[in-house]
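S.K.: Below is a structure I'd like to ask you about.
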Amino acid sequence: LFGGVFGLATVVGPLIGGFLVEHLSWHWIFYINLPLGLLALLVIGSVFRPHVALVRHTVDYIGAFFLTVALGSVVLITSLGGSLLAWQSLDMLCLSLFALIGLAGFVLEQRRAAEPIMPLHLFRHRTFVLAGLIGFIVGVSLFGAVTFLPLYMQVVKNATPTSAGLQMLPLMGGLLVVSAITGRLISRWGRYRVFPIVGTLLQVLALGLLSQLELDTPVLQLNLYMGLLGAGLGMVMQVLILAVQNSVEPRHMGVATSGATLFRSIGGAIGVSVFGALFSHTLLGGLASDFAASGGGPASLSPAAVHALPAALQHSYLQAFSGAMHGVFLLAGLITSVAFALSWLLREVPLRRATQA
């Protein structure tokens, strides 16, 4: 159920964002988080009553600082490299240095901290490492698809931002329904290993099919591909969390759960950046000669500007756009095939009973 809610939010977010951009302004995609955050705060403060004993802990502020520096630098490198900043620029060199310093400082701090944020012995835990790697790759494919599919709908199919967001419903529906069914089956059978294997295979197939999208691909066919991708994600995301929670010591369940989720989130951030760089490079390369005389270039065109181009230039742009999409989804499929191979290495650990926990 938690996985279904996460998938729902991941798809509803672009839908609401498209509506706000279309009818208000892009500023509202940030303003909307203020009342939503306040509502969440009020609900948690008034309803959430954990039945736990109060235990004083030592917060690892130094480790948190180094981790923030490392992750922030990695996200900036993948977001800015090759687009706003040249790879060989001094800024990129400094960011790379910050990432290395942050990582080294984090590892050293985790060795000496009284209560480390992420105990290093977890990285000797087979299930935790495998779940982290597979989750990282799943984050790449999930957020990559959510980013580029609405763009395809707006540019190729001339859909409005709101309509493009609605077209993501098959992906959300597949994830939500299959995630709930998977949870029920695991509760009944007590086994979970088969689901990441089948789920990653479905993701590879779906991404392979999406890599064949053309200008005249029917929307219904696209919806079927997205539903297949959502079904694959529904079999994997929360099952990996379950595998981690079921295999680590109960006292490390919280940090292991958050660590597995962190890998998925970082995979999404890096995946979107890498796919965006690949997409822009391929698109620019395919249209360099056509847009040589234009002031901005193909990367600066909005969907509305694309459809305002002269017929011949518009056709060239859409052909190059479709080719760039092929590369993105093909790369995503190849990366996800690594997750499929890794999922075979997961071990089936019998589910704990409540009394054992």
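S.K.: Give the residues of region 150-207 that are surrounded by fewer than 20 Cβ atoms within 10 Å (Cβ to Cβ) and either in contact with a Cys (Cβ under 8 Å, 6 or more places away or on another chain) or not in a helix (DSSP H, G or I) (or both), sorted by residue number.
M.R.: K157, N158, A159, T160, G190, R191, R193
S.K.: Of the residues that make up region 60-77, is at least one within 25 Å of the chain's Cα centre (by Cα) and of a type in the set (D, E, K, R)?
M.R.: no
S.K.: Out of (1) surrounded by fewer than 17 Cβ atoms within 10 Å (Cβ to Cβ); (2) modelled with pLDDT under 90; (3) on the phi < 0 side of the Ramachandran plot, the odd one out for L108 is which?
M.R.: (2)
S.K.: Tell me, which helices (runs of 4 or more DSSP H) wholly within region 239-348 include 2 or more residues that are modelled with pLDDT of 80 or more?
M.R.: Of the helices (runs of 4 or more DSSP H) lying wholly inside region 239-348, those with at least 2 residues that are modelled with pLDDT of 80 or more span 253-287, 311-343.
S.K.: State yes or no: is M237 within 16 Å of the chain's Cα centre (by Cα) and either under 30 Å from G208 (Cβ atoms) or of a type outside the set (F, W, Y) (or both)?
M.R.: yes
S.K.: G37: in contact with a helix residue (DSSP H, G or I) (Cβ under 6 Å, 6 or more places away or on another chain) and either assigned to a helix (DSSP H, G or I) or in the same structural domain as P161 (by TED's automatic domain parsing) (or both), yes or no?
M.R.: In short, no.
S.K.: Among the residues of region 112-125, are any surrounded by 19 or more Cβ atoms within 10 Å (Cβ to Cβ), modelled with pLDDT under 80 and either of a type outside the set (D, E, K, R) or outside any helix (DSSP H, G or I) (or both)?
M.R.: no
S.K.: Do you know which residues across region 1-26 are farther than 30 Å from T182 by Cβ, crowded, with 16+ Cβ neighbours inside 10 Å and in contact (Cβ under 8 Å) with a residue 60 or more places away in the chain?
M.R.: F19, V21
S.K.: Now a separate question. Please determine whether any residue of region 94-111 is free of Cβ contacts under 8 Å to residues at least 40 places away in the same chain and closer than 17 Å to H252 by Cα.
M.R.: yes
S.K.: If I filter region 126-135 down to residues being touching a residue at least 60 places away in the same chain (Cβ under 8 Å) and not polar (S, T, N, Q), which single residue comes out as surrounded by the fewest Cβ atoms within 10 Å (Cβ to Cβ)?
M.R.: R126
S.K.: For region 242-254, give me the residue count where each residue is buried (at least 17 other Cβ atoms within 10 Å of the Cβ) and more than 19 Å from P196 (Cα to Cα).
M.R.: Number satisfying all stated conditions: 1.
S.K.: Still on this model: Residues in region 143-172 that are within 17 Å of the chain's Cα centre (by Cα) and more than 26 Å from S265 (Cβ to Cβ): how many?
M.R.: Of the residues in region 143-172, 0 are within 17 Å of the chain's Cα centre (by Cα) and more than 26 Å from S265 (Cβ to Cβ).
S.K.: Further, regarding this structure: Taking the conditions exactly as written (of a type in the set (D, E, K, R) and modelled with pLDDT of 85 or more), does R191 satisfy them or not?
M.R.: It is false that R191 is of a type in the set (D, E, K, R) and modelled with pLDDT of 85 or more.
S.K.: Looking only at region 1-36, how many residues end up being among the small types (G, A, S) and over 22 Å from G174 (Cβ atoms)?
M.R.: Result for region 1-36: 1.
S.K.: Test of understanding: among F128, F106, which residue is in the same structural domain as T257 (by TED's automatic domain parsing), of a type in the set (A, V, I, L, M, F, W, C) and out of contact with any strand residue (DSSP E or B) (no Cβ under 7 Å at 6 or more places or on another chain)?
M.R.: F128
S.K.: Give all pairs with beta carbons closer than 9 Å in which a residue from region 51-62 that is closer than 30 Å to G105 by Cβ meets a residue that is of a type in the set (D, E) and surrounded by 10 or more Cβ atoms within 10 Å (Cβ to Cβ); count only pairs at least 6 apart in sequence or on separate chains.
M.R.: Hits for this filter: H57/E115; T58/E115; V59/E115; D60/E109; D60/E115; I62/E109.
S.K.: In region 208-233, which residues are buried (at least 18 other Cβ atoms within 10 Å of the Cβ) and assigned to a helix (DSSP H, G or I)?
M.R.: L209, L210, L222, Y225, M226, G227, L228, L229, G230, A231, G232, L233
S.K.: Something else: Yes or no: region 15-30 includes at least one residue that is more than 30 Å from G165 (Cα to Cα), assigned to a helix (DSSP H, G or I) and either among the small types (G, A, S) or at pLDDT 90 or above (or both).
M.R.: Scanning region 15-30, I find no residue that is more than 30 Å from G165 (Cα to Cα), assigned to a helix (DSSP H, G or I) and either among the small types (G, A, S) or at pLDDT 90 or above (or both), so the answer is no.
The values are calculated or read from the model by the stated rules, or taken from the named source; none is laboratory data. Remember, it's a predicted structure, so these values are computed and weren't measured experimentally. Positions of Cβ are generated from backbone atoms using ideal geometry, with glycine treated the same way; all protein chains shown enter the neighbour counts.
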